[in-house]
Each structure stands twice: as C-alpha cells, then as structure tokens.
Amino acid sequence: MDFALTEEQKMVQEMARNFAEKEIAPYIEQDEENHYYRREILTKMGELGLLGWSIPEEYGGNGMGWMEG
C-alpha cells in the first residue's frame with residue numbers, strides 16, 4: 001500500500017499551508033485571547049475550495065477523499 005501523497009494532494013497541502021501562514025497565523029494569538037473568530041476566514045477558505053473536500057460533488061463538495069480533506 002502506497003501512502004505517499006499524490007501531486008494533487010501536495011498542491012492542496014501547500015495551498016492550505018500558505019493560506020494558514022498568511023491569513024490565520026498573524027492573528028491567531030490575539031483572536032484566541034479574545035475568544036474571537038474571523039468569519040471572513042471561512043469565506044476565503046470557501047473561495048479557495050478548501051471546504052467540502054470529502055463531500056461528494058453531487059452535494060456541492062469537491063468529491064475528494066479524506067486524505068485531501
């Protein structure tokens with residue numbers, strides 16, 4: 001059984017990492033301290049296609065597997 005990431009999985013991983021470093025990391029301490037959650041983060045994640053990875057396409061998801069999600 002091959003557990004190596006596919007090129008597509010690596011691209012998703014890199015996109016998610018870049019998003020977290022740019023959009024989440026700079027604010028996480030302050031937001032956690034204030035018990036605050038930036039709703040615009042979910043909006044941006046949705047725009048990038050980072051939500052719904054394991055949901056079938058017929059239900060509005062990306063139809064990917066659990067590894068991608």
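No value in this document is a laboratory result; all are computed from the given coordinates. Bear in mind that the values here come from a model prediction, so they are computed numbers and not experimental data. Every residue, glycine as well, gets a Cβ built from its backbone with ideal geometry; the counts of neighbours run over all protein chains shown.
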Check the range 36-59 and report whether any residue there is in contact with a Phe, Trp or Tyr (Cβ under 6 Å, 6 or more places away or on another chain) and either of a type in the set (Lys, Arg) or in a loop (DSSP other than H, G, I, E, B) (or both).
yes
Tell me which residues, restricted to the range 42-64, are touching a helix residue (DSSP H, G or I) at 6+ places or on another chain (Cβ under 9 Å) and either farther than 30 Å from Phe3 by Cβ or not hydrophobic (A, V, I, L, M, F, W, C) (or both).
Lys44, Gly49, Gly52, Gly63
Name the single residue, out of those in the range 1-42 being under 15 Å from the mean Cα position of the chain (by Cα), surrounded by 13 or more Cβ atoms within 10 Å (Cβ to Cβ) and among the aliphatic types (A, V, I, L, M), that is farthest from Met64 (Cα to Cα).
Ile24
